[in-house]
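Novice: Have a look at this one before I ask anything.
The values are calculated or read from the model by the stated rules, or taken from the named source; none is laboratory data. From a predicted model like this one, the values you see are computed outputs, not experimental measurements. Virtual Cβ from ideal backbone geometry, glycine too; neighbours counted across all protein chains shown. Surface accessibility is based on the protein's heavy atoms, side chains included, excluding ligands, DNA and RNA. Shrake-Rupley method; radii C 1.70, N 1.55, O 1.52, S 1.80 Å.
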Amino acid sequence: MNNKKYDLIEPNKYGRRLTMRFKQYEYTEPIESTNWVIKKNGCAPTSLATVLASLGYNEDPISISKKMLFNEYGFLSDGYFEGINGVSIIYCLNKLIEEKMDIEYKIMKVNYDYPELMKQIIIDMIKNGYMAIIGVGPQPNIFAQEGHYIVITSLNKENNEFYIANSYHEGDNQIDITFSYEKIIKEIYRDNFDFLMIRKKA
């Protein structure tokens, strides 16, 4: 099932999970009371919305952007207005948990001298219901032409490679493709969290 602003990606026999992939590039209007446009700056809220909607929550890139951009008094939060980044995603997750959303998250860092040490841990976490947000770039890469956030949604049980949800144009052709841990590691933006793992509480 497709919509102008999202794809509903169906499960398959290899282990891909049901995923609502929001399309960042379709959100062209500024967020209310701002000049901030999701298409231009919103891969972080779009990725988080993809995770939460896929977990069954009624969220979309606009609702998540507002949670990131505005403080509890309804005013723009200076620290998040210029650019939404990894700090903003954690800030938003904590707000959602405080609002009684039944989710948990873990930040999994990689030693880039020995990235293989984390490989099985990451694979096992994805097998056990986690989805992961990762930052890639900032240089052009296989997922985008600049720094960008994408979502690891699930694991192909035949090849132990990851399915992803990429909110930008490149993602239109990546729905059925899997990516190895090694290929993901090569593209990660290292000045950030590495794997932000999110799931519903067991």
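Novice: Taking region 1-36 as the search range and keeping residues that are open to solvent by less than 30 Å² (accessible area, probe 1.4 Å) and among the aliphatic types (A, V, I, L, M), which one is modelled with the highest pLDDT?
Specialist: Ile9
Novice: Could you list all residues from region 68-94 that are open to solvent by 40 Å² or more (accessible area, probe 1.4 Å), at pLDDT 85 or above and not hydroxyl-bearing (Ser, Thr, Tyr)?
Specialist: Within region 68-94, Asn94 is the sole residue that qualifies.
Novice: Residue check: is Met131 open to solvent by 10 Å² or more (accessible area, probe 1.4 Å) and not charged (D, E, K, R)?
Specialist: Values: open to solvent by 10 Å² or more (accessible area, probe 1.4 Å): no; not charged (D, E, K, R): yes.
For Met131, the condition - open to solvent by 10 Å² or more (accessible area, probe 1.4 Å) and not charged (D, E, K, R) - is not met.
Novice: Would you be able to tell me the number of residues in region 37-55 that are surrounded by fewer than 22 Cβ atoms within 10 Å (Cβ to Cβ), outside any helix (DSSP H, G or I) and under 15 Å from the mean Cα position of the chain (by Cα)?
Specialist: Final tally of qualifying residues: 1.
Novice: Name the pairs: first residue in region 180-202 and closer than 13 Å to Ile122 by Cβ and open to solvent by less than 30 Å² (accessible area, probe 1.4 Å), second residue of a type in the set (D, E, K, R) and in a strand (DSSP E or B), Cβ to Cβ under 7 Å, at least 6 apart or on different chains?
Specialist: Filtered contacts from region 180-202: Ser180/Glu161; Met197/Lys106.
Novice: Considering each residue of region 167-176, count those that are of a type in the set (S, T, N, Q) and free of Cβ contacts under 8 Å to residues at least 24 places away in the same chain, and give that number. Walk me through it before giving the result.
Specialist: Here is the first cut: in region 167-176, the ones of a type in the set (S, T, N, Q) are 167, 173-174.
Okay, now just the ones that are also free of Cβ contacts under 8 Å to residues at least 24 places away in the same chain, so 173.
The number of residues fulfilling the criteria is 1.
Novice: Follow-up. Of a type in the set (D, E, K, R) and assigned to a loop (DSSP other than H, G, I, E, B), is that true of Asp124?
Specialist: Details: of a type in the set (D, E, K, R): yes; assigned to a loop (DSSP other than H, G, I, E, B): no.
No; evaluated as a whole, the condition is false for this residue.
Novice: Further question on the same structure: Given the conditions (1) under 23 Å from Glu59 (Cβ atoms); (2) surrounded by 13 or more Cβ atoms within 10 Å (Cβ to Cβ), which single one is not true for Glu98?
Specialist: (2)
Novice: Continuing with the same structure: If I ask for residues that are of a type in the set (Ser, Thr, Tyr) and closer than 23 Å to Leu196 by Cβ, which ones from region 1-53 would you list?
Specialist: Tyr6, Thr19, Tyr25, Tyr27, Thr46, Ser47, Thr50
Novice: Residues of region 149-193 being modelled with pLDDT of 95 or more, of a type outside the set (Ser, Thr, Tyr) and closer than 19 Å to Glu104 by Cα, which ones?
Specialist: Correct list: Ile150, Val151, Ile152.
Novice: For region 147-176, name all the residues that are loosely packed, with under 13 Cβ neighbours inside 10 Å and part of a loop (DSSP other than H, G, I, E, B).
Specialist: Scanning region 147-176 gives Lys157, Glu158, Asn159, Asp176.
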